[in-house]
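The values are calculated or read from the model by the stated rules, or taken from the named source; none is laboratory data. Just so we're clear, the structure is a prediction, and the values are computed from it rather than from any experiment. All Cβ positions, even for glycine, are placed from backbone atoms using ideal geometry, and neighbour counts span all protein chains on display. Accessible surface is based on the protein model in full, side chains and every heavy atom, while ligands, DNA and RNA are left aside. Shrake-Rupley method; radii C 1.70, N 1.55, O 1.52, S 1.80 Å.
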Amino acid sequence: MHEEGLNDALIKDCEQIMLSEFQDYHRQLKLRYEEHFNLLGAYQKEFEESNVEDGTAIQGSRLHLMRNGFSSSGHGKFSEYSITESSDDVEKHEIDELSDEGETSFYDATEFLSDSVNTSPLTLSNTGHAGENHKAEDNSCNPEMMCTETEWNGHHLFPLTERRDKLPEPREKEKGVSLWSIIKDSVGKDLTRVCLPVYFNEPLSSLQKCFEELEYSYLLDQAYHYGKMGNNLMRILKVAAFAVSGYASSDGRHCKPFNPLLGETYEADFPEKGIRFFSEKVSHHPMLIACHCEGKGWKFWGDSNLKSKFWGQSIQLEPVGVLTLEFDDGEIFQWSKVTTTIHNLILGKLYCNHHGTMNIRGNREYSCSLKFKEQSFLDRSPRQVQGFVEDSLGNKVATLIGKWNDSMYYTTNADDSSKNLSLLWRKNKPSANPTRYNLSSFAITLNELSSSLQIKEKLPPTDSRLRPDQRHLENGEYEKANTEKLRLETRQRMSRKLQENGWEPRWFRKDTEDGTYRYIGGYWEAREQRKWDGCPNIFGDFSVDVNTTPSQHQT
């Protein structure tokens, strides 16, 4: 390079890039070696037990499932009572029993969880069980964790994709707003109808927030492979951990996402995680978002209708809708989300709490119930989640305990001691570049539209990343963001009339069996061809005649 006339600074930059690449490659090789080594140790006992397992008992269990109307096609009945049963009703059944048992069996674990969130006296050994006198400070090489820095699917690494690790520097100084003038006009109203200044928003839409709940999608990769190996108990335990992990990013998030426009979409193509995701706002009133995600060996979909009420000092969010997870081998799990309440909007420290009962119903051998504990004023250990897994005969075979903002542990009934906890999931470390929105490292990447990703020219005109008010807010251009938000919300008032005239979503249709919006296909093919027929320029300036036909709205 000297002979070619390049200067020393450029040569040093090249050397630094090369060294960095080799260090990253060496780290991945080390992780891969430890993964293979630890997997052998972790599954040795299970392989030995599976060889002597009574085959007739397995056949009897399958026969019982068939008699109860379960089917691998996913169209059987999932439980003897509704998945959307209220948390109060469910607590009157089995969860009261769980609470009594959990407080006794896991007294030491509960004390451990209340003492610390970030540092734990329990960590996994090579067999995946909790050890003593160790600290779980570095989880990068833990086989049960499979942390998102290097995502795993079986024994193969996904390709690396460089994404940003911080938001742009604000271009303006943010101004304060009068909270009281907004409060007095908003008490008792549905928040989807309240026009809030942009200062209360974070630079993400509700469509992107749906994908944020898949930050720990590696748990579903693990669940898929456990099922392939015949370990269906570990499969549902990983599914339960995934269902809880979706709440982890909400801790400390004080701003609300942008309410999407009717027909607004969001895509997320994450080859480094082995997944691709798509969501669309399919209804304005009620405000309904549908999503679909494909991974290696599984699919995840659902729709969400979030009912919100503002009561001055708190906001209560009631989710309505069913989430479905289907593995390639036909096993299906369904669940609904729990209630979220945001406290101390005016006085005190702002915080959110998730509470209620989540029932994860499977169409085969196992189901799971998780109770998100409602936080009291004097609660020493908030954010707790307790639950259990039961088989098709109603026998409890495993117990779960943890915190939705930190980690989840489990123990099986075959363990000799209730202290023998094994780690299922732990929250990733916070971002090294925090923002006032308290976004995680993963959330910082969701609205990225850099030239390095080479996706801007591939996006439809309805994608959230092209929404101007959201983009201005991310750039710290607050006056422009407020102006654009007001313009788009004024235009959005036409949405109800459009819906009444027969407007139809572009990429989703209602399933006639359960009423859930399902992805009809075609988006990724249109993306490859860059043909967005039927995708209106919803962020543009032109006006729409609400008396025109639905087909005219989509051209």
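Restricting to bridges with both residues inside segment 185-314, how much of the DSSP beta-bridge set is antiparallel, in percent to the nearest 5?
Of the beta bridges lying entirely in segment 185-314, close to 90 percent run antiparallel.
Within a Cβ distance under 13 Å of GLY252, other residues only, what is the Lys/Arg minus Asp/Glu net charge?
+2
Can you list residues from other chains, or at least 5 along the same chain, whose modelled amide H is less than 5 Å from the amide H of THR516?
Close amide H contacts, sequence-distant or interchain: ASP511.
When the dipole is taken about the Cα centre of segment 179-529, and only Lys, Arg (+1) and Asp, Glu (-1) are charged at their Cβ, what size is it in debye, to the nearest 20?
960 debye
Just reorder GLU280, GLU213 by solvent-accessible area, largest first, 1.4 Å probe, all chains present.
Descending order: GLU213, GLU280.
Quick one: 3J(HN,Hα) in Hz for segment 294-300, Karplus 6.51/-1.76/1.60 with θ = phi - 60°, rounded, Gly and Pro as x.
Here the 3J(HN,Hα) series is 10, x, 7, x, 8, 9, 9 Hz.
Within the set LYS166/LYS281; LYS309/LYS427; LYS296/LYS480; LYS166/LYS510, which residue pairs have Cα atoms separated by over 32 Å?
Result: LYS296/LYS480; LYS166/LYS510 exceed 32 Å.
Heavy-atom accessible area per residue, segment 221-377, 1.4 Å probe: how many Å²? Don't skip to the end; give the middle numbers.
On the way: 4890 Å² over 157 residues.
Normalised by residue count, the accessible surface of segment 221-377 is 31 Å².
Could you tell me the relative contact order of segment 286-359? Use alpha-carbon pairs under 8 Å, at least six residues apart, and round to a whole percent.
Averaging sequence separation for qualifying contacts and normalising by length gives 23 percent for segment 286-359.
Heavy atoms of the protein only, probe of 1.4 Å, neighbouring chains included. What is the accessible area of THR161 in Å², nearest 10?
Accessible area of THR161: about 50 Å².
Can you list the HN-Hα couplings for segment 427-437, worked out from phi with the Karplus curve (6.51, -1.76, 1.60; θ = phi - 60°), rounded to whole Hz and with x for Gly and Pro?
Result, rounded to whole Hz: 5, 5, 5, x, 5, 6, 10, x, 10, 5, 7.
Putting +1 on Lys and Arg Cβ atoms and -1 on Asp and Glu Cβ atoms, find which of PHE508, GLY330, TRP524 reaches farthest to the positive end of the dipole of segment 179-529.
PHE508
When ranked by the protection proxy of mean other Cβ atoms within 10 Å per residue, highest first, what sequence do the peptides 492-500, 367-375 form? Could you put the intermediate results ahead of the total?
Numbers: 492-500: 15.3, 367-375: 22.1.
Taking the mean over residues of other Cβ atoms within 10 Å, the ranking is 367-375, 492-500.
Using Stokes-Einstein with the Kirkwood hydrodynamic radius over Cα pairs, what translational diffusion coefficient do you get for segment 179-529 at 20 °C and a viscosity of 1.002 mPa s, in µm²/s rounded to a whole number?
Rounded, D is 100 µm²/s.
Just to check I understand the Karplus step: with θ = phi - 60° and J = 6.51 cos²θ - 1.76 cosθ + 1.60, what whole-Hz values come out for segment 492-508, glycine and proline as x?
5, 5, 7, 4, 4, 5, 4, 5, 5, 7, x, 4, 10, x, 7, 10, 10
As a test question: what accessible area, to the nearest 10 Å², does SER283 have when a 1.4 Å probe is rolled over all protein chains in place?
Accessible area of SER283: about 10 Å².
For PHE388, list long-range residues whose amide hydrogen, built 1.01 Å from N in the peptide plane, is under 5 Å from its own amide hydrogen.
The list, which skips near neighbours in sequence, is SER369, LEU400.
Heavy atoms only, 1.4 Å probe, whole protein assembly: order MET234, MET1 by accessible area, highest first. Each step should come with its number before you reach the end.
On the way: MET234 15, MET1 105 Å².
So the residues, ranked largest to smallest area, are MET1, MET234.
Taking H as built 1.01 Å from N, whose amide H comes closer than 5 Å to the amide H of VAL322, not counting residues under 5 places away?
Those lying under 5 Å, H to H, from VAL322 are ASP303.
Carbon and sulfur together cover what percent of the accessible area of segment 179-529 at a 1.4 Å probe radius?
Details: 6660 of 13150 Å².
Carbon with sulfur: 51 percent of the solvent-accessible area.
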